[in-house]
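Undergrad: Here it is: the structure, laid out below.
The values are calculated or read from the model by the stated rules, or taken from the named source; none is laboratory data. Here the structure is a predicted model, which means the values were calculated and not measured. So basically every Cβ, Gly included, is an ideal-geometry build from the backbone, and we count neighbours across all protein chains shown.
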Amino acid sequence: MPPWFARKLRAYSKWLMPKEASLRSLIDAYLRHLTIERGMSRNTLAAYGRDLARYEEFLVQQGISTPSEVSKQVVATFGEQLVTKFGLKASSVARVLSGVRGLHRFWLVEAVTEGDVSSAVKPPAPARRLPKAISLADIEKLLTASGPEAGDEAAIALNPVRVRDRALLELLYATGGRVSEIINLDLDDLIDPTLIRLFGKGDKERVVPVGSYAQRAVENYLVRVRPTLAAAGKGTPALFLNQRGSRLSRQSAWQIIAAAADAAGLSGHISPHTLRHSFATHLLEGGADVRVVQELLGHASVATTQIYTLITVDALREMYATAHPRARR
């Protein structure tokens, strides 16, 4: 426990700690501490309150009335019941146990208990969620539905702003960029038609190539549509603009993709990250080295990228089972 944390807790101890130290009053003291020291929002405090009320109810059911009676096994059993009795997912169990551990640390600092029995109780590991990718055929449907191609004068004249939408989606799929990275692009980040500069988490810079389809879509947008959008604003270096001439927002990008998915008749949830996941999966399926894909995605560790290899292995297994004459049962 950091010394500054202990000092502040002691400064508030006379007010925080009630004279009658029941479980309920000691939990309330912790919640007051979160309000004062951590400045948590009302919604976050309400969530902590609900989680700790559940913990208090469990302790009372176990015949426990004081913190000193709680053992490591009691906390572990509570964590197990969150799954077996209440059916919580691993992420929800981790959230509840985080509040429980904070409570026990607080009791230790305030000398309510002599040790922290919750410190060794670890939440269950969350289930590995494979990234959602869609097929190349569905990607092509999505891109086609997002807006007209360069040269389709009739469609461009009908709704010019959709040229921007097509360029946005083409660039998302061509680069594997996060939506925040793409909407934060400035004109100066277009190094040349074949390369762009992206700024990822922690403002880490990377340069990624741009395929020919995305090149044409971006050029079409820059020539045919962006000047008109820019004229409506006060001047901004942003690549993608809204109809007020300002930088396109993240929310607007999501709406553009959702509208394209609906127009393409694609079922399921299609998000900007769907394009990123599909980019990585399709590269690996095409034979790209995982470390090259890591660099393109801007992952700090190759272990993050390797989750995509599980998707391609599953696809290979399915194809093998379907096509090999001695694989079928």
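Undergrad: Before we move on, is Arg24 of a type in the set (Lys, Arg), modelled with pLDDT of 90 or more, surrounded by 13 or more Cβ atoms within 10 Å (Cβ to Cβ) and assigned to a helix (DSSP H, G or I)?
TA: So Arg24 passes the test.
Undergrad: Still on this structure, I have one more. Going through Arg224, Arg197 one at a time, which residue ends up being over 26 Å from the mean Cα position of the chain (by Cα) and not aliphatic (A, V, I, L, M)?
TA: Answer to the selection: Arg224.
Undergrad: Answer yes or no as to whether Tyr55 is of a type in the set (Ser, Thr, Tyr), in a helix (DSSP H, G or I), more than 20 Å from Lys122 (Cα to Cα) and in contact with a Phe, Trp or Tyr (Cβ under 9 Å, 6 or more places away or on another chain). Give the derivation first.
TA: On the way: of a type in the set (Ser, Thr, Tyr): yes; in a helix (DSSP H, G or I): yes; more than 20 Å from Lys122 (Cα to Cα): no; in contact with a Phe, Trp or Tyr (Cβ under 9 Å, 6 or more places away or on another chain): yes.
Here the answer is no, as Tyr55 does not meet what is asked.
Undergrad: If you check Phe279, Phe199, which single one turns out to be more than 24 Å from Ala150 (Cα to Cα) and of a type in the set (Phe, Trp, Tyr)?
TA: Phe199
Undergrad: Determine the pairs where a residue that is farther than 25 Å from Ala300 by Cβ, located within the stretch 201-220, has a partner that is surrounded by 11 or more Cβ atoms within 10 Å (Cβ to Cβ) and basic (Lys, Arg) with Cβ atoms under 6 Å apart, the partner being 6 or more residues away or on another chain.
TA: Ala217/Arg166
Undergrad: Sort through Ala238, Ala264, Ala288 and tell me the only one that's surrounded by 15 or more Cβ atoms within 10 Å (Cβ to Cβ), hydrophobic (A, V, I, L, M, F, W, C) and within 25 Å of Thr144 (Cβ to Cβ).
TA: Ala264
Undergrad: Return the total of residues in the stretch 57-75 being of a type outside the set (Val, Ile, Thr) and within 13 Å of His104 (Cβ to Cβ).
TA: Of the stretch 57-75, the ones of a type outside the set (Val, Ile, Thr) are 57-59, 61-63, 65, 67-69, 71-73.
Narrowing further to those that are within 13 Å of His104 (Cβ to Cβ): 59, 67-69, 71-72.
Residues meeting the conditions: 6.
Undergrad: Okay, next question. Out of the helices (runs of 4 or more DSSP H) lying entirely within the stretch 92-194, which hold 2 or more residues that are among the aliphatic types (A, V, I, L, M) and farther than 26 Å from Leu248 by Cα?
TA: 136-146
Undergrad: Just one of (1) surrounded by fewer than 15 Cβ atoms within 10 Å (Cβ to Cβ); (2) at pLDDT 55 or above; (3) under 20 Å from Tyr55 (Cβ atoms) trips up Pro18, so point out which.
TA: Tallying (1) surrounded by fewer than 15 Cβ atoms within 10 Å (Cβ to Cβ); (2) at pLDDT 55 or above; (3) under 20 Å from Tyr55 (Cβ atoms), Pro18 fails exactly one: (2).
Undergrad: While we're on this one: Which condition number in (1) under 21 Å from Arg216 (Cα atoms); (2) surrounded by 13 or more Cβ atoms within 10 Å (Cβ to Cβ); (3) charged (D, E, K, R) is the one that Asp192 fails?
TA: For Asp192, the exception is condition (2).
Undergrad: Look through Ala280, Ala253 and report the one residue that is touching a Ser or Thr at 6+ places or on another chain (Cβ under 8 Å) and either crowded, with 17+ Cβ neighbours inside 10 Å or not charged (D, E, K, R) (or both).
TA: On the way: Ala253 fails: touching a Ser or Thr at 6+ places or on another chain (Cβ under 8 Å).
From the options Ala280, Ala253, the qualifying one is Ala280.
Undergrad: A further question on this structure: Residues to consider are Ala133, Ala127; find the one that is at pLDDT below 90, out of contact with any Leu (no Cβ under 6 Å at 6 or more places or on another chain) and crowded, with 19+ Cβ neighbours inside 10 Å.
TA: Ala133
Undergrad: If only one of Tyr48, Tyr30 is in contact with a Gly (Cβ under 6 Å, 6 or more places away or on another chain), surrounded by 19 or more Cβ atoms within 10 Å (Cβ to Cβ) and of a type outside the set (S, T, N, Q), which one is it?
TA: Tyr48
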